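Here is the structure we will look at, set down as structure tokens.
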Amino acid sequence: MTGRNGWARFVGFKMLRLLSLLVGVSVLSFILMQFSPVDPIEAYIGGDMIRVSAEQRSLIEERWGLNESSTERLLTWGQALIQGDLGTSMIYRQPVADIIQERFMNSVALMAVAWILSGIIGFTLGVVAAMRRNSKLDRLICWYCYTLASTPVFWIALLLLMVFGVWLGWLPVGLGVPAGMSADQVTWGDRVIHMILPALTLSLTGVASIALHTRQKLMDVLESDYILFARARGERGFQLFRRHGFRHVVLPAITLQFASFSELFGGAVLAEQVFSYPGLGQATVQAGLRGDVPLLLGLVMCSAIFVFTGNMVADILYRLIDPRMKEELMS
């Protein structure tokens with residue numbers, strides 16, 4: 001299995017996996033929502049629920065298809081999905097596709113900034129720790145990484161919000177743009193300033209895994225025979241790393257970053273909720289808490305595609321790095 005044939009089979013196999021994943025997560029999410037204690041009619045009406053008569057409630061149930069059985073609702077949603085319709089959100093009163101499209105760019109921009117920052121900072125810390133092994137700096141970096149790895153994202157988000165948003169007042173405490181401004185008055189600078197705290201939260205939490213992985217990988221490389229030979233020739237420090245260490249640790253670090261899309265998306269859900277950032281994460285929480293099944297299913301599928309894409313890119317990079325993994329990836 002080599003050349004174009006192998007790649008075609010690989011991509012085809014991945015697409016089949018993606019299709020089965022989307023079907024599985026959609027059905028599972030729908031079943032879980034049926035056990036939710038949230039009354040979607042009450043969430044739809046809000047505070048005026050006591051004024052709604054039984055007849056009006058029946059009309060609302062008929063309007064949103066809630067009077068049908070669970071199986072009929074799932075089949076109706078599936079048939080509409082095949083035709084490209086994700087349904088209409090009950091809480092936003094808009095097509096689900098429009099809501100996802102509107103919020104997707106906010107979340108992608110936030111996660112892209114956090115992903116790049118955490119990758120660069122984590123890789124640099126890992127290299128410094130490995131090159132200064134067993135020094136005070138190495139122990140400090142390890143302590144920092146282990147502390148972050150065991151700290152919840154929402155706690156770091158609240159800490160940054162209190163320090164930089166409330167006590168120092170340097171940055172806005174929430175939202176994606178300044179409150180009370182129309183869309184044509186908002187500048188790119190306003191959007192960037194409102195993105196700093198959520199992006200910083202995700203970056204800080206994403207540093208630990210890449211730093212510890214790079215440190216361990218580079219320490220293994222530095223103990224190899226050819227590094228001993230290079231040192232015997234007088235190579236030291238950054239020159240030694242640039243010539244013999246960099247290429248051995250950079251690609252595994254990149255693939256690890258792509259494989260961390262699920263943690264990144266999960267962290268974005270919490271960070272967006274703390275900072276009221278208008279992204280997919282905040283919409284997911286609202287859909288779950290208010291029983292908006294069409295919106296939740298659309299967001300679940302979007303997040304599944306996002307995470308799957310990251311894992312597939314990581315698989316492709318592994319395949320390019322080590323051809324011995326071809327057969328394993330196809331299994």
Problem - Distance between the range 139-184 and the range 248-287 - C-alpha centres, whole angstrom - result: 15
Problem - Cα-based equivalent ellipsoid of the range 113-198: semi-axis lengths in Å, sorted from largest, via gyration tensor - result: 34, 15, 10
Fill in the blank from the handout: Helix 261-274 sits off the longest principal axis of the Cα atoms of the chain, rounded to the nearest 10 on a 0 to 90 degree scale, by 60
Exercise for the section: Quickly estimate the mean residue ellipticity at 222 nm for the chain, helices only: each DSSP H run with n ≥ 4 gives -39500 (n - 2.57), and the total goes over all residues, rounded to 500. Expected result: -24000 deg cm²/dmol
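Which net charge results for the neighbourhood of Gln282, defined as the other residues with beta-carbon distances under 15 angstrom from its beta-carbon, given Lys and Arg at +1 and Asp and Glu at -1? Intermediate values should be presented prior to the final figure.
Working: positive: Arg103, Arg290; negative: Glu102, Glu272, Asp292.
Neighbourhood net charge equals -1.
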Handout entry: Heavy-atom SASA rank of Phe154, Phe265 (probe 1.4 Å, accessible area, largest first)
Key = Phe154, Phe265
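Give the ranking of Phe35, Phe306, Phe241 by solvent-accessible surface, highest area first, calculated with a 1.4 Å probe. Don't skip to the answer; put the middle values down first.
Working: Phe35 165, Phe306 40, Phe241 20 Å².
Listed by decreasing accessible area, they come as Phe35, Phe306, Phe241.
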Practice task
For the chain, with a Gaussian network of springs between Cα atoms less than 10 Å apart, report the residue from Gly12, Gly87, Gly245 with the top mean-square fluctuation.
Solution key: Gly12
Fill in the blank from the handout: Averaging 1/r across every pair of distinct alpha carbons in the range 1-132 and inverting yields a Kirkwood hydrodynamic radius, in angstrom, of 19.6
Fill in the blank from the handout: For the chain, the accessible surface attributable to carbon and sulfur atoms (probe 1.4 angstrom, ligands and nucleic acids excluded) amounts in percent to 64
Completion exercise
Tilt, helix 136-149 to longest principal axis of the chain (alpha-carbon atoms), in degrees rounded to tens, equals 20
Exercise for the section: Could you state the accessible area per residue of the chain in Å², with a 1.4 Å probe and every protein chain left in place? Expected result: 56
Handout entry: Fraction of alpha-carbon pairs over 24 Å apart in the chain - percent
Key = 65
Completion exercise
Computed D for the range 170-283, Stokes-Einstein, Kirkwood radius over alpha-carbon pairs, 20 °C, 1.002 mPa s, to the nearest µm² per second, is 125
Completion exercise
Listed by chain and number, the residues whose amide H is under 5 Å from that of Thr88, excluding neighbours fewer than 5 places away on the same chain and using placed H, are Val96
Problem - Tilt relative to the chain, helix 70-82 - C-alpha long axis, 0 to 90 degrees, to 10 - result: 60
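The values are calculated or read from the model by the stated rules, or taken from the named source; none is laboratory data. Everything numeric in this text was worked out from a predicted model, so none of it was measured. Heads up, the Cβs are rebuilt from the backbone with ideal geometry, glycines too, and the neighbour counts pull from every protein chain shown. To get the accessible areas, we keep the full protein, side chains included, count just its heavy atoms, and leave off ligands, DNA and RNA. Shrake-Rupley method; radii C 1.70, N 1.55, O 1.52, S 1.80 Å.
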